[in-house]
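The structure appears below as structure tokens.
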């Protein structure tokens, strides 16, 4: 028996070894071929760059037919195949290229986004935004720099995007994404039930104090309505918004309890543990104790808007003009007698910041096999009206019609195979070709008001390099969820003690190191951009 | 008992058996063993421009986020505790229900209840979390509405960590009972009637027959389930915890497991190295445990051992 | 003596019926809530929560799921295809492997068992596997990728091995060998016949895994007409979660397309439906005495 055991182990060992060898052999392949995309990309642009060098007049070598892989987040609209066929007809004739529009769907989109960029799979164009971590990906080399490609492959696009926007998206001095030029605002504003406000003669919410009076009035007069709509993301949907209106934050979301005020952008302080935080948390606790939002808010999974449209709740602390407009339309469709009011924070803060150019864009990943053609195609998508309107609104007559200059959907969103911006075409919007639904006038009107007080976004251009404090960052994430979230939800009875515990934990997790490093990086950023 | 042979000779004698096993070997080579090179990610700094083996070797740096958090022990214990509860309670209940079910005489009842017990398996944890919230929410959940109508103080379940220790185990079993019960039910079906007949003649009553025949006959099945569960004792059930607990930090002390921690830590940054290191930690833990337990089982009864 | 035995049996049965009945109710209750919610108007769910009987009856949940009926039907088709093909192929491989691994005269059975089991312990993670599937096997947007990775799991193989070991006595194999049957014939003529409960169980588990799978579609399928049912539905639910998590600052807005609570519940029902009918079919094999007779006859 023993002998057999020995033999078994040796066989086992040999099998393992073989498999490891096989693994290594394969990984050898793996290594060399996953090295190859970057090799290829470094070769192919130069190779193809040398080709147009011979025929420099054209600027772009289209002799070889290629298929471009285009990746966008979210779900594909139902009529995509028809749109894609139309686009390909034109693209084949004009660029000798066809394009495959791929969509990640919203399921695990962040994970798939990472996989697409790290697996070396050929991807030619991919969406970027501040919330897809454009800055970190660009910094760690996931995208190709476009500075030299642009004049060769997409001179028109280079002209089309204003120079200051190109400057703004630069990471370490290089352009990695083509920013969208459409100007919009995603600053927050109070959303409240205007009809109820009038009925009970409550103040118009303008700041936290008046908003609290409004909530209080609702609680007293409408005991069955929950005054404030809130869900488990108490940081993003509550604390960050609260600080935006109450503490003059520069933008955000600011991580690790960092505080920076728009009025004093050069000064970085720790919001966690500050008197400012204590005051904020006291207000929130009061709201919780008075029952303005559910006690178990940390487990609520509704959207913020659903309770408003169904009449369950009477206010959202902050939402952007676009979403407010959507909520209102949805609410009015079932309750035409209600009214929904909106006060942009700009009215109190005195300014609004249009979205940073990083907010919407398209980049060319390292693994792209045809970066030049990809860029040339993207140029068409943005600057050519046929391409642009087709991919933003679908086929005219079938998906939409234009009436008095307004976009009008054929049928409704449940029957139409390509609703407005059905491909999530936020990034290649071209202000000149944009069509708006009549209902969008409300948003435009708000935007006009905000235009009058517009100031630049000072925050989004900042690129945080967290490679030196990655473990601490993970630990702090945990501390925030475990010890600060209950405070954000107003659940901790003794705030002083709660903050103290949380701060102890945060300090143990390395808060100081992280905040100091962030401070240094921020100082370097403000100095380089001349922000004072 | 077969005599010792060399591998080559064995292949020739049992060539048909080898051929029959070939698809399985190929499958695991392609699907599992070759991608295993990725373990190396755990020791490198991920770089978009360089391939795996050209990436910078950073030693154990990727593991830092696990122990620097200061809660690795706690997470490990939580994970172990929950999984042990799942394994023990889950298996005991599955065996009990399988035995009871196999003895039922009314056919339609037997079939219907069996099917119904399988239903929870289809309810995803996303859906379950919505139901659970509806039952336990403080202001207008099922439970508190009931308590209020009986003039009893409402309870705040979502602020009571210990309650979730019980609830999580309960929901896990609720969801998986039907599944593991079937395994035992199939095993019981396979037990030859001759044993029972013989026992009856010896005067054993139904309780004795169950205890002395059925239960021992289920041991090999139990061992398989046990060893598989032990191997992944540091992993798994992410969805259960993530959906039911989510952002509720109040409950983390009692309910946070390794998987949820890793998920949260890496949600914002994509660090393949860190993800791999966490996976490796889980694997090593399970590996040591399984090899040990398998060794003990082999000592007791060689037939039951997995390998 | 006899009377005493009957008394015990009676007691045992009353325990059995009570326990099973209670367990059944516990399993059924939440399911009824889901069914009820799927027929409730969404606003009513948001405002009043779940009830055993819908407060405001509505079919809007189902209407939304079926707004593009061809999508659902298509997804059903893909799921049925992958489930059937995958289960049959998987069963073939798994029963063969299980049979070989339990043969006492197969000398390396423990080594191979370990070879298989080992893969549950260590894995290279998502990235290398993803690269393997997309780059080397080139399986993006193919039906193969929906079937291949799920063909076998170590658990099912070992389970099958155990089922076969307990269902097929060594003597039968030995005598068949003496009769001159080769190894494959023994497997085909005897082992398969004798281990029907095991095959039914493993087959059911395989089918369930294929039916419930959404992950493969999510990772490897870009073409919408190749989505599996569960992914199609799961994705709709995820879209809600996604929107809940996106702060206003991202500017992401999906307008009127946001699916509702009642839709979620309707989907849970739709996804469950057909597979529930599979189980009674499998149950037929959980009857004692069936197996021996099959071979003797």
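The values are calculated or read from the model by the stated rules, or taken from the named source; none is laboratory data. Owing to the predicted nature of the structure, the values given are computational and were not obtained by experimental measurement. All Cβ positions, glycine included, derive from the backbone under ideal geometry; neighbour counts span all protein chains shown.
Matching residues to (1) more than 9 Å from every other protein chain (Cβ to nearest Cβ); (2) closer than 30 Å to residue A:356 by Cα; (3) part of a helix (DSSP H, G or I):
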site: C:173; (1), (2), (3): yes, no, yes
site: C:184; (1), (2), (3): no, no, yes
site: C:187; (1), (2), (3): no, no, yes
site: C:193; (1), (2), (3): yes, no, yes
site: C:207; (1), (2), (3): yes, no, yes
site: C:218; (1), (2), (3): no, no, yes
site: C:234; (1), (2), (3): no, no, yes
site: C:242; (1), (2), (3): no, yes, yes
site: C:252; (1), (2), (3): no, yes, no
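Among the conditions (1) under 23 Å from the mean Cα position of the chain (by Cα); (2) surrounded by fewer than 22 Cβ atoms within 10 Å (Cβ to Cβ), the only one that residue C:206 does not satisfy is (2). Meeting the requirement of 3 or more residues that are closer than 29 Å to residue A:140 by Cα, in contact (Cβ under 8 Å) with a residue 24 or more places away in the chain and not assigned by TED's automatic domain parsing to the domain that holds residue A:249, the helices (runs of 4 or more DSSP H) wholly within the range A:154-213 are A:155-160, A:163-169. Being in a loop (DSSP other than H, G, I, E, B) and crowded, with 21+ Cβ neighbours inside 10 Å: is that true of residue C:152 here? Spelling it out, residue C:152 is indeed in a loop (DSSP other than H, G, I, E, B) and crowded, with 21+ Cβ neighbours inside 10 Å. Taking the range B:256-301 as the range and being within 8 Å of chain A (Cβ to nearest Cβ) and more than 21 Å from the chain's Cα centre (by Cα) as the test, the residues that pass are B:264, B:265, B:266, B:267, B:268, B:269, B:270, B:271, B:272, B:274.
Within the set C:83, C:9, the sole residue that is assigned by TED's automatic domain parsing to the domain that holds residue C:202 and more than 23 Å from residue A:303 (Cβ to Cβ) turns out to be C:83. The single residue among A:19, A:105, A:27, A:48 that is in contact with a helix residue (DSSP H, G or I) (Cβ under 8 Å, 6 or more places away or on another chain), in the same structural domain as residue A:366 (by TED's automatic domain parsing), at pLDDT below 50 and surrounded by 17 or more Cβ atoms within 10 Å (Cβ to Cβ) turns out to be A:48. Here is the figure for the range C:9-27: residues that are within 20 Å of residue B:133 (Cβ to Cβ) and either at pLDDT below 90 or touching a helix residue (DSSP H, G or I) at 6+ places or on another chain (Cβ under 6 Å) (or both) total 1. For residue A:514, are the conditions met, namely being touching a residue at least 24 places away in the same chain (Cβ under 8 Å), in contact with a helix residue (DSSP H, G or I) (Cβ under 9 Å, 6 or more places away or on another chain) and in a helix (DSSP H, G or I)? For residue A:514, the condition - touching a residue at least 24 places away in the same chain (Cβ under 8 Å), in contact with a helix residue (DSSP H, G or I) (Cβ under 9 Å, 6 or more places away or on another chain) and in a helix (DSSP H, G or I) - is met. Out of B:303, B:239, B:271, B:256, one residue alone is at pLDDT 90 or above and out of contact with any strand residue (DSSP E or B) (no Cβ under 8 Å at 6 or more places or on another chain). It is B:256. Taken together, the residues in the range B:115-126 that are assigned to a helix (DSSP H, G or I) and either more than 7 Å from every other protein chain (Cβ to nearest Cβ) or touching a residue at least 60 places away in the same chain (Cβ under 8 Å) (or both) amount to 5.
Within the range A:104-142, the set of residues being touching a residue at least 60 places away in the same chain (Cβ under 8 Å), more than 8 Å from chain B (Cβ to nearest Cβ), over 23 Å from residue C:129 (Cβ atoms) and assigned to a helix (DSSP H, G or I) comprises A:130, A:134, A:135, A:138, A:139. Confirm whether residue A:84 is free of Cβ contacts under 8 Å to residues at least 60 places away in the same chain and closer than 25 Å to residue A:388 by Cα. For residue A:84, the condition - free of Cβ contacts under 8 Å to residues at least 60 places away in the same chain and closer than 25 Å to residue A:388 by Cα - is met.
Residue-by-condition table, conditions (1) farther than 27 Å from residue B:244 by Cβ; (2) touching a strand residue (DSSP E or B) at 6+ places or on another chain (Cβ under 9 Å); (3) part of a loop (DSSP other than H, G, I, E, B); (4) within 8 Å of another protein chain (Cβ to nearest Cβ):
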{"site": "A:285", "(1), (2), (3), (4)": "no, no, no, no"}
{"site": "A:292", "(1), (2), (3), (4)": "no, yes, yes, no"}
{"site": "A:304", "(1), (2), (3), (4)": "no, yes, yes, yes"}
{"site": "A:317", "(1), (2), (3), (4)": "no, yes, no, no"}
{"site": "A:325", "(1), (2), (3), (4)": "yes, yes, no, no"}
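Of the residues making up the range B:10-53, just one is crowded, with 19+ Cβ neighbours inside 10 Å, in contact with a strand residue (DSSP E or B) (Cβ under 8 Å, 6 or more places away or on another chain) and free of Cβ contacts under 8 Å to residues at least 40 places away in the same chain, namely B:52.
The residues listed here are B:131, B:116, B:166; of these, the one that is within 25 Å of the chain's Cα centre (by Cα) and more than 30 Å from residue C:231 (Cβ to Cβ) is B:166.
Residues in the range B:135-152 that are buried (at least 20 other Cβ atoms within 10 Å of the Cβ) and within 15 Å of residue A:301 (Cα to Cα): B:136, B:137, B:141. The listed residues are B:18, B:53, B:28, B:65, and the only one of them that is assigned to a helix (DSSP H, G or I) and within 25 Å of the chain's Cα centre (by Cα) turns out to be B:28.
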